[in-house]
Amino acid sequence: MHTDSGPGPGPAPRPGGGAEDTLDLRLPDDFLRLFRGNDGAGPPTQAGVPTPASTVAPAPAPASTVTPPPAWESAPPAGQTAATAPGSGPGRAMAAPLAPAAGDLLDNLGGWEPAATPVGVFRLVPVIVQRDLALISVWMNDPAVAAFWELAGPDSVTATHLRAQLDGDGRSIPCLGVLDDKPMSYFEIYRADLDPLARHYPARPHDTGIHLLIGGVVDRGRGIGSVLLRAVSDLVLDNRPRCTRVLAEPDMRNTPSVSAFLTSGFRYSAELDLPDKRAALMVRDRALRNLL
């Protein structure tokens with residue numbers, strides 16, 4: 001049961017209370033209305049004279065000129081309203097960016113602006129499990145992807161992987177990569193300096209890591225991966241001023257992935273023996289971003 005801790009109403013007047021007694025006099029309603037004016041107690045008035053309710057017409061609601069968002073992004077993430085969810089794509093009004101939460105470890109990733117690339121307008125959209133699970137699970141079950149991500153199986157396998165990040169402290173954020181309003185890739189942007197990876201290389205504060213997969217076969221093998229890696233690493237450097245370098249650790253066996261990182265401005269730094277793979281540590285330095 002809820003108990004109001006604030007002050008309650010005062011005691012009721014008592015009969016025979018001397019100065020507390022009041023005269024019970026009811027004035028005519030027409031007389032009272034003369035003194036109400038525009039005090040909000042009734043319809044609008046002019047010079048104290050009531051305006052008949054029938055003459056006050058509500059203003060027509062303006063017609064909406066905003067194109068509805070694609071169906072895949074119609075539901076905002078938990079804790080957000082449609083007005084504060086990540087902005088809609090090019091050609092539509094952008095929603096207000098999210099305010100950074102206290103202790104935000106990735107500098108308000110959900111509010112980062114889209115990036116213009118040679119292949120279209122690209123943006124990162126934080127994952128919503130109930131909206132995006134089916135699509136990401138299909139990608140994870142592609143044999144070419146499953147060989148390195150090892151998340152093939154029912155949707156619950158992918159859901160567990162996503163929720164481990166979404167229910168964590170924000171050091172890793174799973175995102176859809178959306179190109180010209182089409183979700184076509186999956187990214188994980190994570191704090192490498194706060195990740196177990198930091199035990200295997202000389203980490204610096206605010207090092208930021210990238211995991212990537214290209215979803216559709218049609219988007220593979222055409223250089224799109226390199227374009228997106230450059231765009232995403234640029235987004236990290238532009239939006240995370242304390243980050244001096246962006247990292248990745250693709251499997252050494254994944255030659256196309258290593259090649260894509262090299263083409264997108266990353267340099268090969270070292271081989272790492274990680275618990276689950278032999279990895280190539282790829283680095284894109286802020287100081288070299290315009291040279292490589």
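The values are calculated or read from the model by the stated rules, or taken from the named source; none is laboratory data. The model shown is predicted, which means the values in this text are computed figures rather than measured ones. Reconstructed Cβ throughout: ideal geometry from the backbone, glycine too, with neighbour counts over all protein chains shown. Ligands, DNA and RNA are excluded from the accessible area calculation, which covers all protein heavy atoms including side chains. Shrake-Rupley method; radii C 1.70, N 1.55, O 1.52, S 1.80 Å.
Data overview
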{"read-out": "Segment N254-V119, extension gain: residue separation times 0.36 nm, minus the distance between their alpha carbons", "value": "46.2 nm"}
{"read-out": "Apportionment of accessible area to carbon and sulfur, segment 211-267, percent (1.4 Å)", "value": "58"}
{"read-out": "Net charge over other residues, Cβ less than 12 angstrom from the Cβ of R199 (K, R count +1; D, E count -1)", "value": "-3"}
{"read-out": "Peptides ranked, highest mean first, by Cβ atoms within 10 Å: ranges 268-276, 111-119, 178-186", "value": "178-186, 111-119, 268-276"}
{"read-out": "Convex hull per residue volume in Å³, alpha carbons only, for segment 103-240", "value": "120"}
{"read-out": "Stretch gain in nm, segment V217-V129, where the contour uses 0.36 nm per residue and the Cα spacing is subtracted", "value": "29.4 nm"}
{"read-out": "Translational diffusion of segment 105-179, µm² s⁻¹ [Kirkwood Rh, Cα pairs; Stokes-Einstein; 20 °C; 1.002 mPa s]", "value": "158"}
{"read-out": "Gain upon complete extension [L274, V138; 0.36 nm per residue less C-alpha separation]", "value": "46.3 nm"}
